[in-house]
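Encoded as structure tokens, the structure appears first; notes follow it.
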Amino acid sequence: MAYSFKYGFRENLLLQKEVLKSEKNLQEYELENIFYELEKFFNLNFLELEEIKDEYYTGDVIELLSKVKSRKIYFSQEYTRYNTLEEKRNCLLDNIKILLEIEDEKDSLTIE
């Protein structure tokens, strides 16, 4: 049975990715807005997977939850370490890729 997730971020992630790739002159505050949006996606994924783990306790969910948790922590630390806008942009793009992979993994979860 495929689980119906409350939160789906794929469309928004693809939009953020397109903005980062096409708009080369984004200001610091615009990058910060994208950062907070991605951080929210990590948090919501974590909370939802935690809820599923508590209810179904399947290995795939636990593994994905662990991945989301470690990436969520690393993302915040990594982003604040960068000084240039280009470094921050690349960090955001890398983490959008990771979040899209998480979306793919969520889509392929089988929960019974």
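The values are calculated or read from the model by the stated rules, or taken from the named source; none is laboratory data. Because the structure is a prediction, the values reported are computed rather than measured. Reconstructed Cβ throughout: ideal geometry from the backbone, glycine too, with neighbour counts over all protein chains shown.
Considering the range 1-45, and only residues there that are within 20 Å of Glu101 (Cβ to Cβ) and among the aromatic types (Phe, Trp, Tyr), the residue that is modelled with the lowest pLDDT turns out to be Tyr3. Among residues of the range 18-35 that are part of a helix (DSSP H, G or I), those with a beta-carbon under 6 Å from a residue that is of a type in the set (Lys, Arg) at least six positions away or on a different chain give the pairs Leu20/Arg89; Leu31/Lys88. The residue pairs whose first member lies in the range 43-60 and is without any contact (Cβ under 8 Å) to a residue 60 or more places away in the chain and basic (Lys, Arg), whose second member is assigned to a helix (DSSP H, G or I) and buried (at least 16 other Cβ atoms within 10 Å of the Cβ), and whose beta carbons are closer than 6 Å, counting only pairs six or more residues apart or on different chains, are Lys53/Val61; Lys53/Leu65. Looking across the range 68-88, the residues that are assigned to a helix (DSSP H, G or I) and farther than 16 Å from Glu39 by Cβ come down to Leu85, Glu86, Glu87. Beta carbons closer than 6 Å, at least 6 apart along the sequence or on distinct chains, pair a first residue in the range 76-91 that is under 14 Å from Glu23 (Cα atoms) with a second that is not aliphatic (A, V, I, L, M) for Lys88/Tyr82.
Per-residue answers, yes or no, for (1) under 20 Å from Asn43 (Cβ atoms); (2) among the hydrophobic types (A, V, I, L, M, F, W, C); (3) exposed (fewer than 13 other Cβ atoms within 10 Å of the Cβ):
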| residue | (1), (2), (3) |
| --- | --- |
| Ser70 | yes, no, yes |
| Gln77 | yes, no, yes |
| Thr80 | yes, no, yes |
| Asn83 | no, no, yes |
| Glu87 | no, no, no |
| Ser108 | no, no, yes |
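Find the residue count for the range 47-62, including only residues that are within 17 Å of Ser108 (Cβ to Cβ) and surrounded by fewer than 13 Cβ atoms within 10 Å (Cβ to Cβ). Qualifying residue count, the range 47-62: 1.
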